[in-house]
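Let me begin by presenting the structure, written as C-alpha cells, before commenting on it.
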Amino acid sequence: MRQPASLRLDAPERRLLPDGRAEGPMPWVLAIMLFLLILAAAGGLAMTRAAAGLGEGIADRVTVQIVEADPAARERGTARALQLLAADPATRRAARVPDAEVAALVEAGLGEGALAAEVALPAMIDVDLAGGAAAVDELRARLRAAVPAARVDANGRWLAPVADLVRLLRLLAAGLMVLMLAASAAVVALAARAALNGHRGTIETLHLLGATDRQIVRLFQRRIALDAVFGGAVALAAAAAVLLLLGARLAELQSSLVSLAALRPSSWALLAALPAAGVLLATLVARATLLRALRRGP
Amino acid sequence: MAGDVVELENVGLRYSDAGAETLRDVRLRLTRGGFYFLTGPSGAGKTSLLKLLYLQQRPTRGLLRLFGEDVAALGRDRLPAFRRRIGVVFQDFRLIRHLSAFDNVALPLRVSGTSERDLREPVREMLAWVGLSKRQDAKPATLSGGEQQRVAIARAVIGRPELLVADEPTGNVDPGMAERLLHLFDALNQLGTTVVIATHDVHLFGRAGRARLLRLEHGTIADPTGEFAHPPRAAALAAAG
C-alpha cells in the first residue's frame, strides 16, 4: 500500500523549500542551550552519585575515640571497646586506626613536626554500623557505661551540612535543566514562526494547490530537526570535552567526595541521550507551533 | 443544481469590516463542462470573484457552493480536497522560485500523492505542449514573463482539474501562443473541465465558440436576462423561443 502523501517526504517534496538548514542562528543557539543542559545534567548526576555515596559510605560510619592521658588505661579502654563492638550485632565492621595514622591526621592540621612526643593522642576506632541514628545512640550509651573515656562521633552529624549542600546543588542542576529545556523550546518556537513568515508566499501557494497543513508542517519540521541534530552534535562534543577535562582535573585532587561524584558509564550514556531528547523536543515544539500558526491562516 | 459546478447566491465579499463590499449580491451558476470568459473593467471585482472560486477567500455573506457542497463555512481540514479539484492560473503566476519549471508543474501531482514515476511523463508532455521542453530545468527567475505564465498554466492543468480558474492567462504571451493556450483550455474543457477565464483580451472571446461571457460591473454580475443566475430557465426560454 502506498504511504499517504501527508506522511511522505521524499527528495522532490523536500525541495519545496530552499536547500540546506534553516537560516539564522537557531542551530548555534540550540547548541549552546544543549551544551549547558548536558553540563547541568552532568552536575546533577554527579551530585546524585555523591549524595548516594555519602548516605551509603559515610553517614553510617562512627568514630570512637578513647580520650585517656594514661597510655596503659587508653589501651585497656580501647581493647574493651573493641570487644564490646565485636559483640554488638549492629556493628558491621570495627577497626582501630593505627596511632601513626592518627598522628598524621593531627599533623595535617598543625603542621609536620608540630606534635610533641609527650602529647597524648586519643585512640581511634572506625566503626560501620547498621541501624541508623538509634543504633548510634545505643552504642554510645553502652560504650560510656563500660569505657567512660569513650567518645562516640557519628560522621553523619558532621556530614549533614555537606549532604544538604549536595541536595541543594542537585535541585539547582534540575532547575537549570528545566530552564534550559524551556529556553530551547522557546528558541525553536521563534525559529519556526520566523521560518513561516519567511516563506509565507510559498506556503500560501502550496495551500492553494491543495497541500494540507500537515504536509507543509513536515517540510519545516524536518529542517528544524536537522538544525537540532546539528546543535545537539556540537553540544555533545563540546560537553564531552569539557567534562573529560574537568574529570581529569578533579581526579588529581584525590578527594573522597570528588571521587564519589565521578560519572559512571551509565551516566555518560544518559548524557549522550540528552541531545537526542533535545532533537525530539525541538521537533515536537516545531510541529505544534507550526500547526497552530497555520490554523490561524485562511 | 446537480449539474452546477459553482453556485453563488447573493454573495458579498468585503476585505475589511470598515471597507465597502468588493463583490455584492453576486448570483451565478456555472454548469459542469461550461466555458466562461469573465470580463469587466479594472476594479470590477474579477480577481476577487476568482479568489472565491479557488477558495483563497470565503464570502462574507451569501451562499457559495462548489461541486454541490456549501464551502462558505467549510472546515480548514476539508479545504485541500476541494482545492485539488481546482486548477488555478494566478495573475502573478505564484511560481515557487526555488523550484525548476519541471518541479513547479509537478507540484499539484506531488501534493496529491502521485508517485515520481507516474508524474514524470505527464509533466514532460505538458511542458512540451506549452513550448518549454528545453526550459524544464530553468528556475522562474531565469524565465521570461511569458514563459513563467506558460509554466503557471501547465501547473494549473496538469492534474486535469474539474474546475479551471485563470486570471488573465494570456496577458504576457504573443498572439500565437495565446491561441495555442486557448486550444489547451478548450481541449481540457472538452474532457469535462469547467473553465473560467478572466480576461481583457477581446480577441480571445471569438476563438472559443462555446464560451459564454460573464460581465462583472461594480462588484456584481451584469445579468439582465437571469441567464447566469438561473441557467436552466434561460435554457428553457431559449428552447421555447
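Checking each residue in the stretch B:89-118 for being of a type in the set (A, V, I, L, M) and over 22 Å from the mean Cα position of the chain (by Cα) picks out only B:99. If the condition is being in contact with a Leu (Cβ under 6 Å, 6 or more places away or on another chain) and at pLDDT below 85, then the stretch A:16-43 contributes A:16, A:17, A:21. Is it the case, given these coordinates, that residue A:46 is modelled with pLDDT of 85 or more, touching a Leu at 6+ places or on another chain (Cβ under 7 Å) and part of a helix (DSSP H, G or I)? Spelling it out, residue A:46 is indeed modelled with pLDDT of 85 or more, touching a Leu at 6+ places or on another chain (Cβ under 7 Å) and part of a helix (DSSP H, G or I).
Conditions (1) in a helix (DSSP H, G or I); (2) in contact with a Phe, Trp or Tyr (Cβ under 6 Å, 6 or more places away or on another chain); (3) within 30 Å of residue A:192 (Cα to Cα), marked per residue:
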residue: A:24; (1), (2), (3): no, no, yes
residue: A:27; (1), (2), (3): yes, yes, yes
residue: A:36; (1), (2), (3): yes, no, yes
residue: A:42; (1), (2), (3): yes, no, yes
residue: A:62; (1), (2), (3): no, no, no
residue: A:79; (1), (2), (3): yes, no, no
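Residue by residue through the stretch B:108-140, note down the ones that are touching a Leu at 6+ places or on another chain (Cβ under 6 Å) and either surrounded by fewer than 17 Cβ atoms within 10 Å (Cβ to Cβ) or within 12 Å of another protein chain (Cβ to nearest Cβ) (or both). The answer is B:108, B:109, B:111, B:119, B:133, B:140. Every test in (1) closer than 20 Å to residue B:218 by Cβ; (2) of a type outside the set (A, V, I, L, M); (3) within 13 Å of chain A (Cβ to nearest Cβ) is passed by residue B:92 save one, and that test is (1). Taking the stretch A:205-218 as the range and being within 9 Å of chain B (Cβ to nearest Cβ) and in contact (Cβ under 8 Å) with a residue 24 or more places away in the chain as the test, the residues that pass are A:206, A:207, A:212, A:213, A:215. With respect to residue A:12, is the statement that it is within 14 Å of chain B (Cβ to nearest Cβ), part of a helix (DSSP H, G or I) and modelled with pLDDT under 70 true? Judged against the criteria, residue A:12 is a match. Evaluate the stretch A:177-193: report whether one residue or more is more than 9 Å from every other protein chain (Cβ to nearest Cβ), free of Cβ contacts under 8 Å to residues at least 12 places away in the same chain, among the small types (Gly, Ala, Ser) and surrounded by fewer than 22 Cβ atoms within 10 Å (Cβ to Cβ). Taking every residue of the stretch A:177-193 in turn, at least one turns out to be more than 9 Å from every other protein chain (Cβ to nearest Cβ), free of Cβ contacts under 8 Å to residues at least 12 places away in the same chain, among the small types (Gly, Ala, Ser) and surrounded by fewer than 22 Cβ atoms within 10 Å (Cβ to Cβ).
The combined condition, being of a type outside the set (Lys, Arg) and in contact with a strand residue (DSSP E or B) (Cβ under 7 Å, 6 or more places away or on another chain), is not fulfilled by residue B:132.
The values are calculated or read from the model by the stated rules, or taken from the named source; none is laboratory data. Keep in mind that this is a model prediction, so the values were computed, not measured. All Cβ positions, even for glycine, are placed from backbone atoms using ideal geometry, and neighbour counts span all protein chains on display.
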